[in-house]
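**Student:** Take a look at this one; I'll ask things after.
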Amino acid sequence: MRRSSDDRWFRIGTGVFPALVLAIAAGIAYELTTDSMLSIRKFGLSFWTGKTWDPVSGVFGGYPFIWGTLYSSILALILSTPIALGIAIFISELSPRMLRTPLTYLTELLAAIPSIVYGLWGIFVLTPLIRKLEVLTPDWLKKVPLFSGPPVGVGMGTAAVILSIMVVPFTSSVAREILKNVPVAQREAAYALGATRWEAIKVAIGYGKTGMIGAIMLGLGRALGETMAVTMVIGNAPIVSLSLFKPQYTMAAVIANEFTEAADELYLHALIEIGLLLFIITIVVNVLSRLLIWTATRRFARVIVMPAAVEEPEEAVA
Amino acid sequence: MRKLVFAAILLAFVACKPSETTTGTTETSSTAATATAAPVRLQGAGSTFDTPLFSKVFDAYQKQGGAEVNYQSIGSGGGVQQLIKGVVDFGASDFPLNDEQTKAAEAAGGPVVHVPITMGAVSIGYNLPVDGLKLDGPALADIYLGKITKWNDRKIAALNPGVKLPDTAVAVVHRAEGSGTTFIFTSYLAAISPEWKSKVGAAGSVQWPVGIGAKGSEGVSGQVLNTPGGIGYFEMAYANQNHIKSALLKNADGQFVAPSVQGAADAGAGAAANMPADLKAVFVNAAGPTSYPIAGFSWIIVFQHQKDATKGQAIVNMLKYVVHDGQQFAQALDYAPLPKPVQDLDDKAIASITVGGQP
């Protein structure tokens, strides 16, 4: 009797905490919505597509920031995914046992560096480097939209490089876990069929494919919300462009930069609405990545069946 | 995990803020009852531009027996908002309240008083192997409108006869966030160039036609220093500290002047002559042969009718100190001390503050 009632209280007591998390998330969503009401009423859905951000005449559109956030994050993923997966594969499959712990530790250390430090490194080391690259770019190449723009050093490309470095530890540590969880039987079966080491690893990656995509999406979630390092090197200009050399802007950066001096109500509400959009986009990305990881882990729990064919593992980057 | 930490921080932040102010006020009221001379505590927030001066002035003020002033450097816009919301006792801003803010303030606590407390000049820094570059308002506006893209443009060359200008691209740098410096700078461009006025306008943050945004004056000056062909605007102190070349600007009298404390003071003195009654003067492109054209006031903004008698008196005393004795610290920190006519106008403004219905 007593024991069961103890358990009940224990359940209720601990249940408060997850409920608190939900309440906080709901509270944030509520606050963001009510505090951006002016802007939501005035611009409606056109806020998602509006390209003008003009505080003087009170016209606000979030499209350049949404574009900048998504474009920089996707570029960062394109740069970081091969590196992160390479690290994960090396550590879990190929590295000598002795190196395994220090390597894991070092990659995870990258996640511990404060983003402002990345930003400073970006300003003092990466920006001059990129500027040199921009100056060296021949004129015919500058006609390609990807490389147009003035040689100022700061811009989309610089931001993407910094972001990719910051994303690597997140993607690689999850990918490593996934590889670790691939049942030994999988690899043994591959070897038994006469597979080389590379082919056996391919089997393992193919087995954990959904989990890998989840790992990449987790990195995407990280890249979307990054603020400080990006704002220090992206150039902070609301431009929609494919160019790696042109300054652009992200949602998190515009909030961080303009919030303190947003003097009138509509301006403030527009900034908060940007926050709301960022909240929505990050939640969608996070939910998607959780779902993928969840389906992946569920597959591990089932009886192991060799996948029918070894698929190419990295097609799902974007 | 990260989301949780973030939420916790957010929660802690939300939880702390009101409690901080409540302890602040309870302390004040309890101490006010026991001692009349000292320790009243004043809360202020606003302009980052004023912060170095305020740190010095408020520290000196407390040492000589004045109230303890706690100043948060959160930006001009934020300072005004906090004043309207009643979180702070005074706001400090590099731009006067606009109509909308004035209405909001009146609804919250009645009319406000603008007290000019210091002046600053905005330097136009550039990164070129040329000393003493000369610019005028129209050329500067064209640069920031994106119409001049090379340093050897005819308009710039005409202002600098005999100077060999390089074929470098102009890399325009501006503030990424809203700022008082931007307000002064864009006010100047709007005063000079009708095109700027109609296309962009004057405000703390605007829609920039070209250029890259950098955070803070240190960000802009750093970017200019790092980028060959760069041009940017920032408070004069940053140009001096970082040894950035500053352009000579053509003033309203046709003279080319370098940014200086004296140049700002001269511009301000000229402005005092035809100061509006509310002291909300924007004196860019001021007349006078030695006036530097991009300069402006910074204001302390308080409610005219103070409800708490002790606190109201403390605010009045503090303002008097800042306007008079506090000015001695200005020059060393690259601020222009207030000229005498402005101080006189300030005294009148301070005298108009009423405490509990009494002056």
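The values are calculated or read from the model by the stated rules, or taken from the named source; none is laboratory data. From a predicted model like this one, the values you see are computed outputs, not experimental measurements. Note: ideal-geometry Cβ built from the backbone for every residue, glycine included; neighbour counts use all protein chains shown.
**Student:** Given the conditions (1) free of Cβ contacts under 8 Å to residues at least 60 places away in the same chain; (2) over 27 Å from A:G219 (Cα atoms); (3) surrounded by fewer than 16 Cβ atoms within 10 Å (Cβ to Cβ), which single one is not true for A:P128?
**Tutor:** (2)
**Student:** Cβ-Cβ below 6 Å, separation at least six or inter-chain, first residue in region A:225-253 and crowded, with 22+ Cβ neighbours inside 10 Å, second among the charged types (D, E, K, R) and not in a loop (DSSP other than H, G, I, E, B): which pairs?
**Tutor:** A:F245/A:E134
**Student:** Let me ask something else. Is it true that some residue in region B:189-196 is modelled with pLDDT under 90, under 27 Å from A:I234 (Cβ atoms) and within 14 Å of chain A (Cβ to nearest Cβ)?
**Tutor:** no
**Student:** Before we move on, is B:V173 assigned to a helix (DSSP H, G or I), under 21 Å from A:P151 (Cα atoms), modelled with pLDDT of 90 or more and within 12 Å of chain A (Cβ to nearest Cβ)?
**Tutor:** No; evaluated as a whole, the condition is false for this residue.
**Student:** Output the residues belonging to region B:64-121 that are farther than 21 Å from B:V282 by Cβ, in contact with a Leu (Cβ under 6 Å, 6 or more places away or on another chain) and either without any contact (Cβ under 8 Å) to a residue 60 or more places away in the chain or not in a loop (DSSP other than H, G, I, E, B) (or both).
**Tutor:** B:V69
**Student:** All but one of (1) in contact with a helix residue (DSSP H, G or I) (Cβ under 6 Å, 6 or more places away or on another chain); (2) not assigned by TED's automatic domain parsing to the domain that holds B:L249; (3) not charged (D, E, K, R) hold for B:P96; which doesn't?
**Tutor:** (1)
**Student:** While we're here: Which one of the conditions (1) modelled with pLDDT under 90; (2) under 23 Å from B:M318 (Cα atoms); (3) not small (G, A, S) does B:Q101 fail to meet, given that it meets all the rest?
**Tutor:** (2)
**Student:** Still on this structure, I have one more. Within region A:34-48, track down each residue that is farther than 12 Å from A:F60 by Cβ and in a helix (DSSP H, G or I).
**Tutor:** Residues satisfying the conditions are A:T34, A:M37, A:R41.
**Student:** I'm told A:R299 meets every condition in (1) modelled with pLDDT under 90; (2) within 13 Å of chain B (Cβ to nearest Cβ) except one. Can you identify the failing condition by its number?
**Tutor:** Going through (1) modelled with pLDDT under 90; (2) within 13 Å of chain B (Cβ to nearest Cβ) one by one, A:R299 breaks only (2).
**Student:** Also, quick follow-up: Restricting the search to region B:64-86, which residues are at pLDDT 90 or above and more than 14 Å from chain A (Cβ to nearest Cβ)?
**Tutor:** Matches in region B:64-86: B:E68, B:V69, B:N70, B:Y71.
Each row is one residue, and each column tells you yes or no for (1) more than 20 Å from B:D94 (Cα to Cα); (2) outside any strand (DSSP E or B); (3) β-branched (V, I, T); (4) modelled with pLDDT under 90.
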{"site": "B:P289", "(1), (2), (3), (4)": "yes, yes, no, yes"}
{"site": "B:P293", "(1), (2), (3), (4)": "no, yes, no, no"}
{"site": "B:W299", "(1), (2), (3), (4)": "no, no, no, no"}
{"site": "B:A314", "(1), (2), (3), (4)": "yes, yes, no, no"}
{"site": "B:K320", "(1), (2), (3), (4)": "no, yes, no, no"}
{"site": "B:I350", "(1), (2), (3), (4)": "no, yes, yes, no"}
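**Student:** Next up: A:D6 versus (1) surrounded by 10 or more Cβ atoms within 10 Å (Cβ to Cβ); (2) closer than 30 Å to A:Y63 by Cα; (3) not polar (S, T, N, Q): which is the lone unmet condition?
**Tutor:** Result: A:D6 passes all but (2).
**Student:** Related question: Which condition does B:G213 not pass, out of (1) of a type outside the set (D, E, K, R); (2) buried (at least 24 other Cβ atoms within 10 Å of the Cβ); (3) more than 8 Å from chain A (Cβ to nearest Cβ), if it passes all the others?
**Tutor:** (3)
**Student:** For region A:178-196, enumerate the residues that are touching a residue at least 12 places away in the same chain (Cβ under 8 Å), part of a helix (DSSP H, G or I) and not small (G, A, S).
**Tutor:** Listed by number, the residues that qualify are A:I178, A:L179, A:K180, A:N181, A:Q186, A:R187.
**Student:** Does A:E314 satisfy being touching a helix residue (DSSP H, G or I) at 6+ places or on another chain (Cβ under 8 Å), within 12 Å of chain B (Cβ to nearest Cβ) and at pLDDT below 80?
**Tutor:** No.
**Student:** Taking into account only those residues within region A:131-177 that are more than 22 Å from the chain's Cα centre (by Cα), in a helix (DSSP H, G or I) and in contact (Cβ under 8 Å) with a residue 40 or more places away in the chain, which is nearest to the other protein chains (Cβ to nearest Cβ)? Please lay out each step first, then the result.
**Tutor:** Filtering region A:131-177 down to residues more than 22 Å from the chain's Cα centre (by Cα) leaves A:131-145, A:147-153.
If we keep only those that are in a helix (DSSP H, G or I) as well, we get A:131-136, A:139-142, A:145, A:147.
Filter once more, keeping what is in contact (Cβ under 8 Å) with a residue 40 or more places away in the chain: A:134, A:145, A:147.
Details: A:E134: 11, A:P145: 18, A:F147: 15 Å.
Among them, the one singled out is A:E134.
**Student:** Restricting attention to region B:146-180, and to residues there that are farther than 19 Å from A:P238 by Cα and acidic (D, E), which single residue is nearest to the chain's Cα centre (by Cα)?
**Tutor:** Only one residue tops the list, namely B:D153.
**Student:** Does region B:257-299 hold any residues that are more than 20 Å from B:L140 (Cα to Cα), crowded, with 22+ Cβ neighbours inside 10 Å and not acidic (D, E), and which are they?
**Tutor:** If the condition is that a residue be more than 20 Å from B:L140 (Cα to Cα), crowded, with 22+ Cβ neighbours inside 10 Å and not acidic (D, E), then B:V261, B:A265, B:G268, B:A271, B:F297, B:S298, B:W299 are the ones that fit.
**Student:** Restricting attention to region B:223-241, which residues are within 14 Å of chain A (Cβ to nearest Cβ) and part of a helix (DSSP H, G or I)?
**Tutor:** B:Q223, B:V224, B:L225, B:N226
**Student:** Being crowded, with 24+ Cβ neighbours inside 10 Å and touching an Asp or Glu at 6+ places or on another chain (Cβ under 7 Å) is the filter here, so list the residues in region B:83-114 that pass it.
**Tutor:** Initially, region B:83-114 is screened for residues crowded, with 24+ Cβ neighbours inside 10 Å, giving B:83, B:88-95, B:112.
Listed by number, the list holds a single entry, B:A92.
**Student:** Among the listed residues A:I216, A:I201, identify the single one that is buried (at least 23 other Cβ atoms within 10 Å of the Cβ), out of contact with any Pro (no Cβ under 7 Å at 6 or more places or on another chain) and away from chain B (no Cβ under 12 Å). Steps first, please.
**Tutor:** Details: A:I201 fails: buried (at least 23 other Cβ atoms within 10 Å of the Cβ).
That would be A:I216, the only listed residue that is buried (at least 23 other Cβ atoms within 10 Å of the Cβ), out of contact with any Pro (no Cβ under 7 Å at 6 or more places or on another chain) and away from chain B (no Cβ under 12 Å).
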